[in-house]
Amino acid sequence: MAKGDYISFMDDDDICELFRIEQQMKPIIESGFKFNFIISSFSIFSKTGETVKIYDYLLKTDSIGYTVRWLLKRELLLEAGLFDTSQPNIEEVELFFRLKQKAQIFF
């Protein structure tokens, strides 16, 4: 279980910018810690390494559930509840909607 004040997710097939956490913390700090849930932008790469057009990708998928985009206050996650493992799939999306009800979000 994570022990820090903020939680960030990363799957084994994800890659991220070198200073991702620092970049995500910036709006939290600049707002006087008003925000407790940061959702950052992302890029998608094809199997050949080319960048996929985000607009086309968004029309075909549900990117809200990409937890690699999230940085959130640990207490927010505990208050909203953890992932519902009884969900057959897209448990990230279901969690997002619970978090959204309680969060001060910065996109």
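The values are calculated or read from the model by the stated rules, or taken from the named source; none is laboratory data. Model, not experiment: these values are computed from the prediction. Please note: Cβ atoms are built from the backbone with ideal geometry, for glycine as well, and neighbour counts cover all protein chains shown.
Side notes on the structure shown:
- Checking region 22-35 against the condition returns a match, with at least one residue being in a loop (DSSP other than H, G, I, E, B), more than 19 Å from Gly81 (Cβ to Cβ) and touching a Phe, Trp or Tyr at 6+ places or on another chain (Cβ under 7 Å).
- Filter result for Asp56 (in a loop (DSSP other than H, G, I, E, B), of a type in the set (Asp, Glu), closer than 20 Å to Val93 by Cα and modelled with pLDDT under 85): no
- Qualifying residue in region 6-25 (condition: small (Gly, Ala, Ser), at pLDDT 80 or above, under 23 Å from Lys100 (Cα atoms) and buried (at least 16 other Cβ atoms within 10 Å of the Cβ)): yes
- Matching entry among Ile29, Ile39 (being surrounded by 15 or more Cβ atoms within 10 Å (Cβ to Cβ), at pLDDT 85 or above and out of contact with any Pro (no Cβ under 7 Å at 6 or more places or on another chain)): Ile39
- Members of region 42-53 that are on the phi < 0 side of the Ramachandran plot and either at pLDDT 85 or above or out of contact with any helix residue (DSSP H, G or I) (no Cβ under 6 Å at 6 or more places or on another chain) (or both): Ser43, Phe45, Ser46, Lys47, Thr48, Glu50, Thr51, Val52, Lys53
- Looking across region 83-102 at every residue that is aliphatic (A, V, I, L, M) and within 13 Å of the chain's Cα centre (by Cα), the one that is modelled with the highest pLDDT is identified as Leu99.
- Residue list for region 59-73, filter: at pLDDT below 65, part of a helix (DSSP H, G or I) and not basic (Lys, Arg): Leu59, Ser63, Ile64, Gly65
- Picking from residues in region 62-107 that are polar (S, T, N, Q) and touching a strand residue (DSSP E or B) at 6+ places or on another chain (Cβ under 9 Å), the one that is surrounded by the most Cβ atoms within 10 Å (Cβ to Cβ) is Thr67.
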